[in-house]
Structures are given as structure tokens and as C-alpha cells.
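Chemist: Please see the structure below; I have some questions.
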Amino acid sequence: QVQLVESGGGLVQPGGSLRLSCVASGYTFSDYAMGWFRQAPGKERELVAAIGWLGRNTYYPNSVKGRFTISRDNAKNTVHLQMNSLKPDDTAVYYCAAHSGYVHLTGGSAQYWGQGTQVTVSS
């Protein structure tokens, strides 16, 4: 049974930082590209970071480039999202996701999803 379990969300002030983590199980983690999506109320789901199987390839949209960093530890079946200089517009539910194809993931598709963790940026 595939599971992606996120943690690390919460309330943070503008300009602050959060680190999200996702632990995967039930599949061969190192065979899958990993990513983080987010969805705010009334908005479409958005990919905010993706990383290839070995961590050599990464993708960020302009909205988070330079502020967010994705990393993975294949030995621990874990992917992280370090979020710095957070803005109120970053408020959303953040989802961990996996796809066996990096191109598919960066195109917005995922084969496995986590349950999501809330990130709220507010003073």
C-alpha cells in the first residue's frame, strides 16, 4: 500500500520559514520523481517544486524560485521542501506527490498523492 505522509505545516509570519517533509512507503522511492503541489481555496492546484530520481534535476515555477528548495534522501524515503521568505500568497494546502516520469510530474501529473498539510502565512 502506497503512502505519502506529509508533516511540517503550520502558521508562520510573513518573511518566515517552514520545512515540509514527506515520508514515502509502499513503492521503490528512488524510481520516482517527487514533487510538492499546493492548492489555495478557490485556486487551481499548482506545482511548486519537483526533483528527479537522483536529485540532480529540480524544477521551480517563478512564483517560488529563489525562496523554495526541494531535496530528497533516497536512503530515508524522504523528500523535503524548505520554504523561506514566505508570503501570504503562499498560504495553501501543500501536497507531496510522486510520478515515475519526471517530465510528467513537471507537467502537473502525479501517480501518488499525500493527504496534504496546511501552510498559513499571516501576521
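Chemist: State in Å² the accessible area per residue of the chain; use a 1.4 Å probe, count heavy atoms of protein chains only, and round to the nearest integer. Numbers along the way, then the final one.
Modeler: Values: 6210 Å² over 123 residues.
Accessible surface, normalised per residue, equals 50 Å².
Chemist: Just to check I understand the Karplus step: with θ = phi - 60° and J = 6.51 cos²θ - 1.76 cosθ + 1.60, what whole-Hz values come out for the stretch 111-117, glycine and proline as x?
Modeler: Ordered by residue, 3J(HN,Hα) equals 8, 10, 10, x, 8, x, 9 Hz.
Chemist: Here's a follow-up. So what is the calculated 222 nm ellipticity per residue for the chain, using -39500 (n - 2.57) for each DSSP H run with n of 4 or more, over all residues, to the nearest 500 deg cm²/dmol?
Modeler: Working: 1 runs with 5 residues, N = 123.
Taking each H run of at least 4 residues, the total per residue is -1000 deg cm²/dmol.
Chemist: Counting only the heavy atoms of the protein chains, how much of Asp73 is accessible to a 1.4 Å probe, in Å² to the nearest 10?
Modeler: 50
Chemist: Rounded to whole Hz and in sequence order, give me ³J(HN,Hα) for the stretch 52-60 from the Karplus expression 6.51 cos²θ - 1.76 cosθ + 1.60, θ = phi - 60°, writing x for Gly and Pro.
Modeler: Coupling constants for the stretch 52-60: x, 4, 9, x, 7, 10, 9, 9, 9 Hz.
Chemist: Label point 7 Å out from Trp113 along Cα-to-Cβ: which residues of the stretch 28-66 have amide N under 13 Å?
Modeler: Within reach of a label on Trp113: 37-40, 44-47.
Chemist: While we're looking at this one, here's another question. Over the chain, with every protein chain in place, what whole percent of the accessible area is carbon and sulfur at 1.4 Å, could you tell me?
Modeler: Working: 2830 of 6210 Å².
It is 46 percent, rounded to a whole number.
Chemist: For the chain, with the dipole built from +1 on Lys and Arg beta-carbon atoms and -1 on Asp and Glu ones, taken about the Cα centre, which of Pro88, Cys22, Thr106 lies farthest toward the positive end?
Modeler: Selected residue: Pro88.
Chemist: Still on this structure: Per residue, how much space in cubic angstrom lies within the convex hull of the C-alpha atoms of the stretch 4-62?
Modeler: Values: hull volume 7.4 nm³, N = 59.
Spelled out: Cα convex hull of the stretch 4-62, divided by residues, is 125 Å³.
The values are calculated or read from the model by the stated rules, or taken from the named source; none is laboratory data. Just so it is clear, the structure is predicted and the values come from calculations on it, not from any experiment. Backbone-built Cβ (ideal geometry, glycine too); neighbour counts: all protein chains shown. SASA here: full protein model, heavy atoms, side chains in, ligands and nucleic acids out. Shrake-Rupley method; radii C 1.70, N 1.55, O 1.52, S 1.80 Å.
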